[in-house]
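Peer 1: Before I ask anything, here is the structure I am working with.
Each value in this text was obtained by applying a stated rule to the coordinates, not by laboratory testing. Keep in mind that this is a model prediction, so the values were computed, not measured. Every residue, glycine among them, receives a Cβ derived from its backbone with ideal geometry; neighbour counts consider all protein chains shown.
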Amino acid sequence: MTYSGEVTVGGAPDVHELKDLIITKVAVGPMDNNAYVLRCRATDEQLLVDAANDAHTLLEVAGNDGLASVVTTHRHADHWQALQAVVDGTGARTYAGRHDAEGIPVPTDVPLEDGDRIQVGRVELTARHLVGHTPGSIVLIYDDPHGHPHIFTGDCLFPGGVGNTHSNPDHFTSLFEGVKAKLFDRLPDETWVYPGHGKDTTLGDERPHLDEWRERGW
């Protein structure tokens, strides 16, 4: 099956199969959030990106192998509604950006700084800190040694623009420049983007519009 990244709340997950990593995308309610279960093929260890809601659905996707860890991309409540239930059900370690951890009511076991590495079995992810949507938002980069990079952007980057900065020009500038410097300037066009809501995209699809985003200020 070809991966499309198009999922709906209550619908089937979509699965992106890479050589070393299996990425399962599922949509959960009530705010149509995306959650991603990453499974290392070599060890079957699993990591969840954003326990947004519907703990039963997330645990069902993880299956009997459970979860070793959960990364919360940022402090906004729609991204951690199921976190306590998932941790209670699996004993998973929790990760979040250091500057957002205090805004997440479930304790963060491992506060993340820019450039920190997270292991999923034999697979390694790199956290990048971006300021603007929240003070401590992080994105996760998987630089696939057999192909192109894959990034899990939370609410920092979507098809059509960066995340909501609530009409604050300083926050927009911070987020835009961070996304440009840490993602667009370092990663190739083929890089696949998995956002916190909605459809996937690639850096190549979005790159031609960077000047437009800067000009409009959102």
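Peer 1: Dividing the convex hull volume of the Cα atoms of the chain by its residue count, what figure in Å³ per residue is obtained?
Peer 2: It comes to 110 Å³ per residue, whole-number rounded.
Peer 1: Quote the charge dipole size of segment 14-216 about the Cα centre in Debye, to the nearest 20; the model charges only the Cβ of Lys and Arg (+1) and of Asp and Glu (-1).
Peer 2: Dipole magnitude for segment 14-216 comes out near 200 debye.
Peer 1: Starting from the Cα of GLN119, step 7 Å along the direction of its Cβ; do the same at ARG93; then give the gap between the two resulting points in nm.
Peer 2: With each label placed 7 Å out from Cα toward Cβ, I get 0.8 nm.
Peer 1: Also, I was wondering about something else. Suppose only helical runs count, i.e. DSSP H with n ≥ 4. What mean residue ellipticity at 222 nm does that imply for the chain under -39500 (n - 2.57) per run, divided by all residues and rounded to the nearest 500 deg cm²/dmol? Intermediate values should be presented prior to the final figure.
Peer 2: Working: 5 runs with 38 residues, N = 218.
Taken over the chain, the calculation gives -4500 deg cm²/dmol.
Peer 1: Between segment 67-83 and segment 165-186, what's the alpha-carbon centroid distance in Å?
Peer 2: Segment 67-83 and segment 165-186 have Cα centres spaced 22 Å from each other.
Peer 1: Looking only at segment 57-91, which residues have a backbone nitrogen under 20 Å from a spot 7 Å from the Cα of VAL15 in the C-beta direction?
Peer 2: 57-69
Peer 1: Using modelled amide H (1.01 Å from N, peptide plane; none on Pro or chain starts), what sits under 5 Å from the amide H of THR191, excluding residues fewer than 5 places away?
Peer 2: LEU203, GLY204
Peer 1: Place the peptides 4-15, 33-44 in order of packing, highest mean first, counting for every residue the other Cβ atoms within 10 Å and averaging per peptide. Let's see the in-between values first.
Peer 2: Working: 4-15: 13.7, 33-44: 20.2.
Ranked by mean Cβ neighbours within 10 Å, highest first: 33-44, 4-15.
Peer 1: In whole Hz and in residue order, list the ³J(HN,Hα) couplings for segment 113-125 that follow from phi through the Karplus curve 6.51 cos²θ - 1.76 cosθ + 1.60, θ = phi - 60°; x for Gly and Pro.
Peer 2: Karplus values, whole Hz, x for Gly and Pro: 10, 4, x, 5, 10, 10, 9, 10, x, 9, 9, 10, 10.
Peer 1: Show the residues, 5+ positions off or on another chain, whose built amide H is closer than 5 Å to the amide H of HIS197.
Peer 2: For HIS197, the qualifying residues are ASN34.
Peer 1: Please report the antiparallel percentage of the DSSP beta bridges confined to segment 14-216, to the nearest 5.
Peer 2: The answer is about 70 percent antiparallel.
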